[in-house]
Structure formats: structure tokens, C-alpha cells
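The values are calculated or read from the model by the stated rules, or taken from the named source; none is laboratory data. The structure displayed is predicted, hence computed values, not measured ones. Virtual Cβ from ideal backbone geometry, glycine too; neighbours counted across all protein chains shown.
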Amino acid sequence: MPAAGDITRWLQRLQEGDDDALEALMPLLYDELRVLARKHLRNERPGHTLNPTALVNEVYLKLVHQQRLDASNRAQFFGIAGRTMRRLLRDYARTKKRIKRGGGQRPLPLDDVAPFLSDEEADEVLALDEALDRLAEIDPRASQVVQ
């Protein structure tokens, strides 16, 4: 387990806009991020293309392009990471749903469609995302707790 002081120092540098801080911080929090990713993926269909490692890596790629992350402590950082995971999974579900509906592509035989996210699963992911967005508008703190 990394020292709390190391994490705090890197979070402070991250908040100040240090370009190298996220790269130093990720290995320190990687195991905890994978646990968070597993929780997010628990409600996804079996055989989901993204596994916890891939989801954490996708989060890193999203966060590294941010100009500045406003995370002064661990809870805020994990809140940002959790929201990013949720958005990635939402976007994944939307893409899968768009692909399933054709997305400008040639029709696929039914056997080739089976691996895609079902309509019900995609609808559930999107409904959850919309509900969390509405909750954030009404009560941002409650939304953070739920996430």
C-alpha cells in the first residue's frame, strides 16, 4: 500500500496542473482503480469487451488529456475516476446500440449480432446514466455518494 503522503503530494501536484503527476499517481492507485472498475463492470453483460484493466487504462487515457483535474484528495480523485468509468461505459453502450441499429453499416446476420449488448442491457445503462445526471442536478452530493 503506498504511503498516504505520497498520494496526497501527487494529488496536490495534479491539481496544480503538473503534467507528470497523473502518470506518477496511477501506479500508486492502480489496484484500487481496478476494484472500482470491477464494481462498475459487475452490472455489465458477461463477456463484456472491457475488463477492469482495460477500463482503468481507458480512464487514464481520458484523464491524461484533461488540462487540470480538480482532485485535492483521494475521494475526489476516485469520484472523477468513477464518473469517467461511467461515461466510458455509457458511451460504449451507445456505440453498441448504434451499431446494433445499423450505424450506416451493412446488415449483419443474426448470429453475428449475439455478442453485442442487448437492447434491454443498453437501455438499463442509459437509464442509469440519465438518472444519475438528473440526481446530480438536484443534489450533487447525493449523486457523488451513489456513484
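Residues in the stretch 30-55 that are within 12 Å of the chain's Cα centre (by Cα) and part of a loop (DSSP other than H, G, I, E, B): 50, 51. Of all residues in the stretch 35-53, those that are surrounded by 14 or more Cβ atoms within 10 Å (Cβ to Cβ) have Cβ atoms under 8 Å from Cβ atoms of residues that are polar (S, T, N, Q), 6 or more apart or on another chain, in 37/53; 41/51; 45/118.
Considering the stretch 1-29, and only residues there that are small (Gly, Ala, Ser) and either assigned to a helix (DSSP H, G or I) or within 15 Å of residue 63 (Cβ to Cβ) (or both), the residue that is modelled with the highest pLDDT turns out to be 24. Considering the stretch 109-147, and only residues there that are over 14 Å from residue 86 (Cβ atoms) and not in a helix (DSSP H, G or I), the residue that is modelled with the highest pLDDT turns out to be 139. The single condition among (1) within 14 Å of residue 11 (Cα to Cα); (2) at pLDDT below 90 that residue 49 does not satisfy is (1). Screening the stretch 56-72 for residues that are of a type in the set (S, T, N, Q) and either within 16 Å of residue 87 (Cα to Cα) or surrounded by 16 or more Cβ atoms within 10 Å (Cβ to Cβ) (or both) and picking the one that is nearest to the chain's Cα centre (by Cα) gives 57.
One residue is enough: does the stretch 1-15 have a residue meeting the conditions within 28 Å of residue 92 (Cα to Cα), touching a helix residue (DSSP H, G or I) at 6+ places or on another chain (Cβ under 8 Å) and exposed (fewer than 13 other Cβ atoms within 10 Å of the Cβ)? No: zero hits.
Going through (1) within 17 Å of the chain's Cα centre (by Cα); (2) acidic (Asp, Glu); (3) surrounded by fewer than 17 Cβ atoms within 10 Å (Cβ to Cβ) one by one, residue 18 falls short only on (1).
Condition check ((1) closer than 26 Å to residue 143 by Cβ; (2) hydrophobic (A, V, I, L, M, F, W, C)) across all residues:
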{"site": "20", "(1), (2)": "no, no"}
{"site": "32", "(1), (2)": "yes, no"}
{"site": "46", "(1), (2)": "no, no"}
{"site": "63", "(1), (2)": "yes, yes"}
{"site": "85", "(1), (2)": "yes, yes"}
{"site": "89", "(1), (2)": "yes, yes"}
{"site": "93", "(1), (2)": "yes, yes"}
